[in-house]
1. Quick check on the stretch 216-257: of everything there that is in contact (Cβ under 8 Å) with a residue 60 or more places away in the chain and either closer than 25 Å to residue 159 by Cβ or not assigned by TED's automatic domain parsing to the domain that holds residue 277 (or both), which residue is surrounded by the fewest Cβ atoms within 10 Å (Cβ to Cβ)?
2. Across the stretch 228-257, what is the number of residues that are of a type in the set (Phe, Trp, Tyr) and more than 17 Å from the chain's Cα centre (by Cα)?
3. Give the stretch 261-292 a look and list any residue that's under 14 Å from residue 238 (Cα atoms) and among the polar types (S, T, N, Q), or say none.
4. Note down all Cβ pairs under 6 Å where the first residue falls in the stretch 149-163 and is under 19 Å from residue 44 (Cα atoms) and of a type in the set (Ser, Thr, Tyr), the second is assigned to a loop (DSSP other than H, G, I, E, B) and modelled with pLDDT of 95 or more, and they're at least six residues apart or on different chains.
5. Which residues, counting only those in the stretch 254-290, are touching a Ser or Thr at 6+ places or on another chain (Cβ under 9 Å) and among the charged types (D, E, K, R)?
6. Mind telling me which of the residues 120, 167, 151 ends up being in contact with a strand residue (DSSP E or B) (Cβ under 8 Å, 6 or more places away or on another chain) and not assigned by TED's automatic domain parsing to the domain that holds residue 40?
7. Among the strands (runs of 3 or more DSSP E) contained in the stretch 117-226, which hold 1 or more residues that are more than 30 Å from residue 299 (Cβ to Cβ) and at pLDDT below 95?
8. Conditions first: (1) exposed (fewer than 13 other Cβ atoms within 10 Å of the Cβ); (2) touching a residue at least 12 places away in the same chain (Cβ under 8 Å); (3) not charged (D, E, K, R). Residue 267 passes all but one, so which condition is the exception?
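The values are calculated or read from the model by the stated rules, or taken from the named source; none is laboratory data. In this text, all values refer to a predicted model and were calculated from it rather than measured experimentally. Here the Cβ positions follow ideal geometry from the backbone for every residue, glycine too, while neighbour counts run over all protein chains shown.
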Amino acid sequence: MAETTTAYQEDPSPGSLITRDGQIQWAGLLLGPGTPFEIDRAGLSGWEDLPGIDIGDVPRPDQHGSWPGSRWAQPRLIDVTVWLLPASRAGARAGLGEFRSGTGLDGAERWLAVRLHGETLAVRARISRRVVPQDRSFQMNGTSRTSLQWTATDPRRFGTDEQGARTGLPSAEPGVDWPDGGLDWPLDWGTAGTSGTLTAVNSGDTAAHPLIEFRGPVRRPSLTRLSDGRRLQYDIMLAADDVLTVDTWTGTVVLNGTASRLYTATAASTPEQLFLLEPGETSLAFRSEDAAPDPAAQAAVRWRHSYW
(Lines give C-alpha, C1' and ligand atoms only; values in the text may rest on other atoms or scores of the structure.)
Protein backbone atom coordinates (compact mmCIF):
# COMPACT_ATOMS: atom_id res chain seq x y z
CA MET A 1 0.00 0.00 0.00
CA ALA A 2 1.32 3.44 -0.91
CA GLU A 3 2.27 5.70 1.99
CA THR A 4 -0.04 8.66 2.57
CA THR A 5 0.98 11.86 4.33
CA THR A 6 -0.74 15.12 5.08
CA ALA A 7 0.54 18.11 3.10
CA TYR A 8 0.42 21.28 5.20
CA GLN A 9 0.30 23.89 2.47
CA GLU A 10 -2.71 25.70 3.90
CA ASP A 11 -2.39 28.50 6.44
CA PRO A 12 -5.39 28.28 8.78
CA SER A 13 -6.20 31.05 11.21
CA PRO A 14 -3.62 31.24 14.01
CA GLY A 15 -4.37 29.06 17.01
CA SER A 16 -7.47 27.48 15.46
CA LEU A 17 -6.22 23.94 16.22
CA ILE A 18 -4.96 24.63 19.74
CA THR A 19 -7.04 23.19 22.58
CA ARG A 20 -4.73 23.32 25.63
CA ASP A 21 -1.76 25.10 27.18
CA GLY A 22 1.67 24.16 25.88
CA GLN A 23 0.54 23.42 22.33
CA ILE A 24 2.17 24.98 19.29
CA GLN A 25 0.42 25.34 15.94
CA TRP A 26 2.60 25.77 12.88
CA ALA A 27 0.33 26.32 9.86
CA GLY A 28 -1.75 23.09 9.89
CA LEU A 29 0.62 21.06 12.11
CA LEU A 30 -0.10 20.77 15.85
CA LEU A 31 2.72 20.06 18.31
CA GLY A 32 2.69 19.46 22.04
CA PRO A 33 0.45 17.71 24.59
CA GLY A 34 -2.08 15.32 23.07
CA THR A 35 -0.14 14.91 19.80
CA PRO A 36 2.57 12.47 18.59
CA PHE A 37 5.00 15.42 18.71
CA GLU A 38 5.66 16.17 22.37
CA ILE A 39 7.57 19.26 23.48
CA ASP A 40 10.75 18.55 25.45
CA ARG A 41 10.74 19.59 29.11
CA ALA A 42 13.23 22.37 28.26
CA GLY A 43 10.31 24.00 26.46
CA LEU A 44 10.43 26.90 24.03
CA SER A 45 13.03 29.65 23.73
CA GLY A 46 12.81 33.03 22.00
CA TRP A 47 9.07 33.36 22.54
CA GLU A 48 8.85 35.57 25.63
CA ASP A 49 12.34 37.02 25.11
CA LEU A 50 12.91 40.41 23.55
CA PRO A 51 14.43 40.00 20.08
CA GLY A 52 17.88 41.33 19.29
CA ILE A 53 18.10 45.10 18.91
CA ASP A 54 19.83 47.31 16.34
CA ILE A 55 20.88 50.50 18.15
CA GLY A 56 21.54 53.76 16.31
CA ASP A 57 23.38 55.57 19.13
CA VAL A 58 26.14 57.91 17.92
CA PRO A 59 29.26 58.54 20.09
CA ARG A 60 29.54 62.12 21.40
CA PRO A 61 32.73 63.69 19.96
CA ASP A 62 33.39 66.06 22.87
CA GLN A 63 32.22 64.26 26.03
CA HIS A 64 31.38 60.91 27.54
CA GLY A 65 28.63 58.72 26.18
CA SER A 66 26.59 58.85 23.00
CA TRP A 67 23.67 60.64 21.43
CA PRO A 68 20.67 58.32 21.81
CA GLY A 69 19.49 57.00 18.45
CA SER A 70 16.65 54.83 17.22
CA ARG A 71 16.27 51.25 18.38
CA TRP A 72 14.87 48.65 16.01
CA ALA A 73 14.10 45.02 16.81
CA GLN A 74 15.76 42.30 14.78
CA PRO A 75 13.89 39.22 13.52
CA ARG A 76 12.66 36.92 16.29
CA LEU A 77 14.19 33.42 16.48
CA ILE A 78 12.03 30.75 18.12
CA ASP A 79 13.57 27.39 19.05
CA VAL A 80 11.90 24.25 20.37
CA THR A 81 12.91 20.65 20.96
CA VAL A 82 10.26 18.15 19.83
CA TRP A 83 10.09 14.43 20.53
CA LEU A 84 8.81 12.20 17.75
CA LEU A 85 6.80 9.60 19.66
CA PRO A 86 4.92 7.26 17.30
CA ALA A 87 2.28 5.09 18.95
CA SER A 88 3.87 2.00 17.41
CA ARG A 89 6.82 0.99 15.29
CA ALA A 90 4.45 0.41 12.40
CA GLY A 91 3.26 4.03 12.63
CA ALA A 92 6.77 5.53 12.71
CA ARG A 93 6.96 6.04 8.96
CA ALA A 94 3.63 7.84 8.74
CA GLY A 95 4.48 10.02 11.75
CA LEU A 96 7.83 10.98 10.27
CA GLY A 97 6.16 11.78 6.94
CA GLU A 98 3.67 14.04 8.70
CA PHE A 99 6.47 15.82 10.55
CA ARG A 100 8.52 16.27 7.33
CA SER A 101 5.55 17.60 5.41
CA GLY A 102 4.73 20.12 8.09
CA THR A 103 8.26 21.44 8.62
CA GLY A 104 9.73 21.68 5.12
CA LEU A 105 11.17 24.70 3.34
CA ASP A 106 8.85 26.43 0.89
CA GLY A 107 9.74 30.11 1.41
CA ALA A 108 6.31 31.25 2.61
CA GLU A 109 5.67 32.92 5.97
CA ARG A 110 2.82 31.30 7.89
CA TRP A 111 1.22 31.61 11.28
CA LEU A 112 3.10 30.16 14.25
CA ALA A 113 0.87 30.23 17.36
CA VAL A 114 1.70 29.31 20.96
CA ARG A 115 -0.67 28.98 23.93
CA LEU A 116 0.70 29.58 27.42
CA HIS A 117 -1.37 30.22 30.58
CA GLY A 118 -4.55 30.48 28.54
CA GLU A 119 -3.15 33.15 26.17
CA THR A 120 -2.54 32.39 22.49
CA LEU A 121 -0.26 34.69 20.52
CA ALA A 122 1.09 34.28 17.00
CA VAL A 123 3.83 35.46 14.64
CA ARG A 124 4.37 35.21 10.90
CA ALA A 125 7.41 32.97 10.46
CA ARG A 126 9.34 30.49 8.33
CA ILE A 127 11.16 27.30 9.25
CA SER A 128 14.89 28.06 9.39
CA ARG A 129 16.22 24.83 10.93
CA ARG A 130 15.15 21.20 11.40
CA VAL A 131 17.46 18.63 13.01
CA VAL A 132 16.37 14.98 13.30
CA PRO A 133 19.10 12.75 14.84
CA GLN A 134 19.11 9.29 13.28
CA ASP A 135 20.32 7.40 16.36
CA ARG A 136 19.54 3.81 17.38
CA SER A 137 16.22 4.77 18.98
CA PHE A 138 15.14 6.44 15.74
CA GLN A 139 16.19 3.46 13.63
CA MET A 140 14.43 0.93 15.85
CA ASN A 141 11.24 2.73 16.96
CA GLY A 142 11.02 6.03 15.08
CA THR A 143 11.60 7.93 18.34
CA SER A 144 13.81 11.01 18.05
CA ARG A 145 14.64 14.18 19.98
CA THR A 146 14.42 16.72 17.17
CA SER A 147 14.89 20.48 17.13
CA LEU A 148 13.12 23.16 15.14
CA GLN A 149 13.79 26.85 14.63
CA TRP A 150 11.53 29.51 13.13
CA THR A 151 12.50 33.00 12.00
CA ALA A 152 9.87 35.73 12.26
CA THR A 153 10.96 38.71 10.15
CA ASP A 154 8.38 40.84 12.00
CA PRO A 155 9.34 40.16 15.64
CA ARG A 156 6.05 41.34 17.12
CA ARG A 157 3.55 38.80 18.42
CA PHE A 158 -0.11 39.24 17.59
CA GLY A 159 -3.52 38.37 18.95
CA THR A 160 -5.23 35.54 17.10
CA ASP A 161 -8.42 37.50 16.32
CA GLU A 162 -8.27 40.24 13.72
CA GLN A 163 -9.91 43.47 14.85
CA GLY A 164 -11.87 45.82 12.60
CA ALA A 165 -13.76 49.11 12.48
CA ARG A 166 -15.33 51.17 9.71
CA THR A 167 -17.03 54.50 9.15
CA GLY A 168 -18.63 56.55 6.42
CA LEU A 169 -18.04 60.20 5.61
CA PRO A 170 -19.48 62.76 8.05
CA SER A 171 -23.03 63.87 7.46
CA ALA A 172 -25.26 66.37 9.26
CA GLU A 173 -28.61 65.52 10.85
CA PRO A 174 -31.50 66.79 8.70
CA GLY A 175 -33.50 67.82 11.77
CA VAL A 176 -37.29 68.07 12.05
CA ASP A 177 -39.31 68.71 8.91
CA TRP A 178 -41.76 71.52 9.85
CA PRO A 179 -44.83 71.22 7.58
CA ASP A 180 -47.35 74.06 7.03
CA GLY A 181 -49.98 72.24 9.06
CA GLY A 182 -47.77 72.02 12.15
CA LEU A 183 -46.10 69.08 13.87
CA ASP A 184 -47.56 65.68 14.65
CA TRP A 185 -46.51 63.61 17.62
CA PRO A 186 -44.32 61.58 17.76
CA LEU A 187 -41.81 63.87 16.04
CA ASP A 188 -39.78 62.54 13.13
CA TRP A 189 -36.23 63.82 13.56
CA GLY A 190 -34.99 62.17 10.35
CA THR A 191 -31.95 59.96 10.03
CA ALA A 192 -29.10 60.45 12.48
CA GLY A 193 -25.96 62.20 11.31
CA THR A 194 -22.53 60.57 11.35
CA SER A 195 -19.23 61.97 12.58
CA GLY A 196 -17.01 60.15 10.10
CA THR A 197 -14.75 58.93 12.92
CA LEU A 198 -13.86 55.52 14.32
CA THR A 199 -11.89 54.26 17.30
CA ALA A 200 -9.28 51.50 16.98
CA VAL A 201 -8.27 49.78 20.23
CA ASN A 202 -4.89 48.03 20.34
CA SER A 203 -4.85 46.04 23.59
CA GLY A 204 -1.21 45.02 23.16
CA ASP A 205 1.98 46.65 24.42
CA THR A 206 3.51 47.84 21.15
CA ALA A 207 2.30 49.68 18.07
CA ALA A 208 0.30 47.87 15.37
CA HIS A 209 0.40 48.51 11.61
CA PRO A 210 -3.20 48.67 10.34
CA LEU A 211 -4.54 47.63 6.95
CA ILE A 212 -6.80 50.39 5.59
CA GLU A 213 -9.40 50.20 2.82
CA PHE A 214 -11.05 53.20 1.18
CA ARG A 215 -14.22 52.31 -0.70
CA GLY A 216 -15.83 54.61 -3.26
CA PRO A 217 -17.47 56.61 -4.50
CA VAL A 218 -15.11 59.16 -2.97
CA ARG A 219 -12.73 61.89 -4.13
CA ARG A 220 -9.34 62.39 -2.50
CA PRO A 221 -9.94 60.15 0.55
CA SER A 222 -7.96 60.67 3.74
CA LEU A 223 -7.68 59.13 7.20
CA THR A 224 -6.32 61.30 10.01
CA ARG A 225 -5.03 60.27 13.42
CA LEU A 226 -6.72 62.82 15.66
CA SER A 227 -4.17 62.63 18.49
CA ASP A 228 -1.41 64.24 16.41
CA GLY A 229 -2.87 65.07 12.97
CA ARG A 230 -0.83 62.45 11.12
CA ARG A 231 -2.69 61.72 7.89
CA LEU A 232 -2.91 59.38 4.93
CA GLN A 233 -4.35 61.15 1.87
CA TYR A 234 -4.51 60.11 -1.78
CA ASP A 235 -5.23 62.24 -4.83
CA ILE A 236 -7.51 59.75 -6.54
CA MET A 237 -11.16 59.43 -7.53
CA LEU A 238 -12.68 56.08 -6.52
CA ALA A 239 -15.78 54.81 -8.29
CA ALA A 240 -18.53 52.91 -6.50
CA ASP A 241 -16.83 49.51 -7.01
CA ASP A 242 -13.26 50.66 -6.35
CA VAL A 243 -11.24 49.72 -3.26
CA LEU A 244 -7.94 51.41 -2.41
CA THR A 245 -5.96 49.23 0.03
CA VAL A 246 -3.19 50.74 2.14
CA ASP A 247 -0.88 48.26 3.89
CA THR A 248 1.06 50.27 6.45
CA TRP A 249 3.43 47.37 7.23
CA THR A 250 4.64 46.84 3.65
CA GLY A 251 4.12 50.49 2.67
CA THR A 252 1.99 49.62 -0.38
CA VAL A 253 -1.08 51.35 -1.84
CA VAL A 254 -3.02 49.14 -4.27
CA LEU A 255 -6.19 49.79 -6.28
CA ASN A 256 -8.58 46.84 -6.62
CA GLY A 257 -5.90 44.37 -5.55
CA THR A 258 -3.69 44.79 -8.62
CA ALA A 259 -2.50 48.30 -9.55
CA SER A 260 -0.10 50.31 -7.38
CA ARG A 261 -1.31 53.82 -6.58
CA LEU A 262 1.44 54.80 -4.15
CA TYR A 263 2.23 57.80 -6.36
CA THR A 264 -1.17 59.33 -5.56
CA ALA A 265 -0.11 60.14 -1.98
CA THR A 266 -0.35 63.91 -1.46
CA ALA A 267 2.29 66.17 0.06
CA ALA A 268 0.25 66.22 3.27
CA SER A 269 0.32 62.42 3.55
CA THR A 270 2.70 60.77 6.02
CA PRO A 271 4.80 57.76 4.93
CA GLU A 272 2.54 54.73 5.19
CA GLN A 273 4.86 52.77 7.50
CA LEU A 274 4.74 55.56 10.09
CA PHE A 275 0.94 55.46 10.40
CA LEU A 276 0.61 53.31 13.53
CA LEU A 277 -1.95 52.33 16.12
CA GLU A 278 -0.23 52.83 19.46
CA PRO A 279 -1.31 50.74 22.48
CA GLY A 280 -4.69 51.91 23.75
CA GLU A 281 -7.34 53.81 21.82
CA THR A 282 -6.67 55.66 18.57
CA SER A 283 -9.34 57.94 17.09
CA LEU A 284 -9.33 58.24 13.29
CA ALA A 285 -11.28 60.60 11.04
CA PHE A 286 -12.34 59.74 7.47
CA ARG A 287 -12.61 62.76 5.16
CA SER A 288 -12.78 63.57 1.45
CA GLU A 289 -12.97 66.57 -0.87
CA ASP A 290 -16.41 65.74 -2.26
CA ALA A 291 -18.78 68.70 -2.48
CA ALA A 292 -21.62 66.34 -1.56
CA PRO A 293 -20.23 63.24 0.23
CA ASP A 294 -21.75 59.95 -0.90
CA PRO A 295 -23.15 57.90 2.01
CA ALA A 296 -21.85 54.71 0.37
CA ALA A 297 -18.21 55.77 0.74
CA GLN A 298 -16.40 54.00 3.58
CA ALA A 299 -13.06 53.68 5.31
CA ALA A 300 -12.34 50.32 6.98
CA VAL A 301 -9.42 49.60 9.32
CA ARG A 302 -8.17 46.12 10.29
CA TRP A 303 -5.44 45.30 12.80
CA ARG A 304 -4.30 42.82 15.44
CA HIS A 305 -3.37 43.48 19.06
CA SER A 306 0.45 43.64 19.03
CA TYR A 307 2.88 42.50 21.72
CA TRP A 308 6.60 42.17 22.35
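1. Of the stretch 216-257, the ones in contact (Cβ under 8 Å) with a residue 60 or more places away in the chain are 216-224, 249.
Still in the running and either closer than 25 Å to residue 159 by Cβ or not assigned by TED's automatic domain parsing to the domain that holds residue 277 (or both): 223, 249.
Working: 223: 23, 249: 15.
Here the answer is 249.
2. So the answer is 1.
3. Once the filter is applied, which keeps residues that are under 14 Å from residue 238 (Cα atoms) and among the polar types (S, T, N, Q), the stretch 261-292 yields 264, 288.
4. 151/75; 153/75
5. 272, 278, 281, 287, 289
6. Details: 120 fails: not assigned by TED's automatic domain parsing to the domain that holds residue 40; 151 fails: not assigned by TED's automatic domain parsing to the domain that holds residue 40.
Testing whether each residue is in contact with a strand residue (DSSP E or B) (Cβ under 8 Å, 6 or more places away or on another chain) and not assigned by TED's automatic domain parsing to the domain that holds residue 40 leaves just 167.
7. Numbers: elements: 119-131, 144-152, 157-159, 163-168, 197-202, 211-215, 222-225.
Of the strands (runs of 3 or more DSSP E) lying wholly inside the stretch 117-226, those with at least 1 residues that are more than 30 Å from residue 299 (Cβ to Cβ) and at pLDDT below 95 span 119-131, 144-152.
8. Of everything listed in (1) exposed (fewer than 13 other Cβ atoms within 10 Å of the Cβ); (2) touching a residue at least 12 places away in the same chain (Cβ under 8 Å); (3) not charged (D, E, K, R), residue 267 misses just condition (2).
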